[in-house]
Structures are given as structure tokens and as C-alpha cells.
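One structure is given below, encoded as C-alpha cells.
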Amino acid sequence: MTPDALTRQLRAARWQRSVFAVIALLLLVSNLFLVGSYTQVQRTTVLIPSRISDGMVAVGAVDARYVESLALDTIYAFYNVSPETASYGRRVVEKLASLRDRPSLLEAFDTVADDIRERRITTVFFPERVDHDASGLRVVVKGSLATFIETERVGQQPRTITLNFIEEAASVRLASIDVEENAS
């Protein structure tokens with residue numbers, strides 16, 4: 001190899017090293033910008049409603065755990081609501097309600113949903129304690145109802161919600177919901 005060829009290869013190697021260093025520096029700077037922009041992003045938690053399935057009453061026995069699950073699904077449908085998810089919550093209430101009590105339960109849901117749409121708020125219920133009676137057809141859920149405007153919590157109130165169920169056509173259906181706003 002001649003000295004001129006060796007010098008050309010050395011210059012090429014130095015040029016490639018310089019280009020590589022500039023590219024690495026650009027990548028480092030872009031990563032710093034990405035990290036900076038990521039820290040400025042406001043995060044939102046999306047609550048995904050559970051899937052409701054119908055439960056059967058076997059030989060007159062009601063499974064309290066199943067009724068408890070239905071109670072929580074009902075509360076989530078009623079109170080984990082935003083203007084965009086109200087129609088899903090209404091379908092859940094329609095599916096869980098007893099035939100006799102469906103109109104009044106849907107009217108109560110529509111009242112809550114209309115208020116949420118008008119005020120453009122989101123509500124979320126945080127259950128803290130779930131109790132049911134010996135028959136398994138009455139469930140009392142204690143917790144708190146938080147109200148959000150966009151992603152900022154603007155209020156939180158303790159609530160006690162009593163759900164009454166009835167056996168209807170070999171199934172368990174929602175009969176009524178009573179809400180008590182606790183004073184703290």
C-alpha cells in the first residue's frame with residue numbers, strides 16, 4: 001500500500017468517524033427533546049367497563065358473590081360515566097334491570113346522564129366496602145364519588161348505595177337503587 005492510498009484511507013476513516021459523531025449527537029439531542037416533551041404530557045386513565053353476563057339462579061339458591069358482582073357492575077354503569085360513555089351505561093342498566101322496574105331505573109339513569117352531558121363532567125365511583133344480607137338479594141356499597149372536569153378532580157363525596165335485586169325468570173335482576181350522600 002502506498003503512502004498516498006494510506007493517507008486517503010485515513011482521511012476517509014476520519015470523515016466517517018466525524019459523520020458518525022454528528023449523527024450520534026443528533027440522536028442524543030432528539031432523545032432529550034422527546035424526554036422533555038414526554039414529561040409535559042398529561043396522562044388520562046381510561047376506565048374500561050366490565051362485560052355483563054346473565055346469571056342463573058340454581059334450584060332457588062342465589063350466589064351472593066354473583067349478586068355482589070352485578071351490584072358493582074350496576075354502580076360502575078351508573079357512576080363511571082362521561083358524556084361519551086353514557087349510552088353504554090344505559091344498555092347495562094337496561095340489561096340488568098327487572099322487567100317491572102326497568103322504566104324507573106332507566107329514568108333515574110337518564111337523569112344522571114343528562115346532568116353529566118349538560119355539565120360536561122365525568123364521574124367515577126370508588127368502592128371501599130361491599131356488604132350483602134343473608135338472602136343475597138340486597139347489597140350495600142360504601143365508597144366515594146369523584147367528579148372530574150377534563151382530567152382535574154373537582155369534587156369527591158362519600159356515598160352509600162343500596163341495591164335491591166329480585167329473582168325473575170330463573171335469573172337475578174335489579175329492582176332498585178337507593179343513594180345516600182354521607183356527610184363528612
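Across the accessible surface of the chain, with the other protein chains kept in place and a 1.4 Å probe, carbon and sulfur atoms take up 57 percent. In the chain, the sites counted are trypsin sites (Lys or Arg not before Pro) in DSSP loop states with at most 10 other Cβ atoms within 10 Å, and the longest stretch holding none of them, exclusive of the sites, is 52-119. Across the chain, counting alpha-carbon atoms alone, Rg and Dmax equal 29.2, 100 Å.
Using R0 = 22 Å, the C-beta based FRET efficiency linking LEU106 and ASP178 works out to 0.85. Per-residue 3J(HN,Hα) values for region 87-97, derived from phi via the Karplus relation 6.51 cos²θ - 1.76 cosθ + 1.60 with θ = phi - 60°, read 5, 5, x, 5, 5, 5, 4, 4, 6, 8, 6 Hz in sequence order (x marks Gly and Pro). Between the amide H of HIS132 and those of VAL140, distances stay under 5 Å, these residues lying 5 or more places away or on another chain, with hydrogens modeled in the peptide plane. Using only side-chain charges placed at the Cβ, +1 for Lys and Arg and -1 for Asp and Glu, the dipole size of region 72-149 relative to its Cα centre rounds to 80 debye. Here the spin labels are modelled as points 7 Å beyond Cα on the Cα-Cβ line, and at GLU94 and ASP133 they lie 3.1 nm apart. In loop segments of region 80-113 as defined by DSSP, the GluC sites (Glu not before Pro) with at most 13 further C-beta atoms inside 10 Å of their C-beta are GLU84. Distant-in-sequence amide contacts of ASN80, defined by a placed amide H-H separation under 5 Å and a gap of 5 or more residues or a different chain, comprise PHE125. Computed from backbone phi with θ = phi - 60° and the Karplus coefficients 6.51, -1.76 and 1.60, the 3J(HN,Hα) list for region 158-163 is x, 9, 10, 10, 10, 10 Hz; x is used for glycine and proline. When the alpha carbon coordinates of region 142-182 are projected onto the principal axes, the ranges are 44, 23, 11 Å, largest first. Across ILE23, ILE166, ILE116, the residue with the most accessible area heads the list, and the full order at a 1.4 Å probe is ILE23, ILE166, ILE116. Average accessible surface for the chain: 67 Å² per residue, computed with a 1.4 Å probe over protein heavy atoms with every protein chain in place.
The values are calculated or read from the model by the stated rules, or taken from the named source; none is laboratory data. Worth saying up front: this structure is predicted, and the values here are computed from it rather than measured. Because the Cβ atoms are built from the backbone with ideal geometry, glycine has one as well, and the counts that use them run over all protein chains shown. We work out accessible area using only protein heavy atoms, side chains counted, and drop any ligands, DNA or RNA first. Shrake-Rupley method; radii C 1.70, N 1.55, O 1.52, S 1.80 Å.
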